[in-house]
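The values are calculated or read from the model by the stated rules, or taken from the named source; none is laboratory data. Here the structure is a predicted model, which is why all the values come from computation and not from measurement. With ideal geometry, Cβ positions are generated from the backbone for all residues, glycine too; neighbour counts draw on all protein chains shown.
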Amino acid sequence: MTLIPQIDEQKSRDNARDLLKAYRRLARMAGRPLTNYKSPTIDDMPKAQSFSNLAEKQMIDHFSAEQEIKWIDRAMQFLSFESYWVLYFSYCTDD
C-alpha cells in the first residue's frame, strides 16, 4: 500500500498539452473588456422566457479565464529557460 498513487506520465502530458492548447482561447476571454457586457433591454415584443443571466455568465467566464491564465503563467515560471520559451512560442503566441 502506497500513500502516493503512481503518476500516469502519458496522461499528465496529455492533460498539460490540452491545457496549453486552450491558452490562446483563455487569453482572448481574459482580454475581453468588461464594457462589452450589456444589461438586458426591455421592449414590448413577446419573447421566449430566458432563465439564465448571460451577462453574469460572461463575467464569470472572464474572471475564470484570467485566473487560469495566471495559474498557467505561474506554473511555466518553474520550467527551465529553454523549456519555457519552447512552450511559450508553441502555445502562447499567435505566430
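General remarks:
- Check on Asn53, at pLDDT below 85 and under 22 Å from the mean Cα position of the chain (by Cα): yes
- Verdict on Phe78 being modelled with pLDDT of 90 or more, over 13 Å from the mean Cα position of the chain (by Cα), farther than 22 Å from Asp94 by Cα and not in a helix (DSSP H, G or I): yes
- Whenever a residue of segment 55-81 is more than 12 Å from Leu26 (Cα to Cα), its partners that are not in a helix (DSSP H, G or I), lying with C-beta atoms within less than 9 angstrom and at least six residues away or across chains, give the pairs Ala55/Tyr37; Ala55/Lys38; Ala55/Ser39; Ala55/Pro40; Glu56/Tyr37; Gln58/Arg32; Gln58/Tyr37; Met59/Tyr37.
- Residue count for segment 49-77, restricted to those that are exposed (fewer than 11 other Cβ atoms within 10 Å of the Cβ) and either over 19 Å from Lys21 (Cα atoms) or in contact with a Phe, Trp or Tyr (Cβ under 6 Å, 6 or more places away or on another chain) (or both): 5
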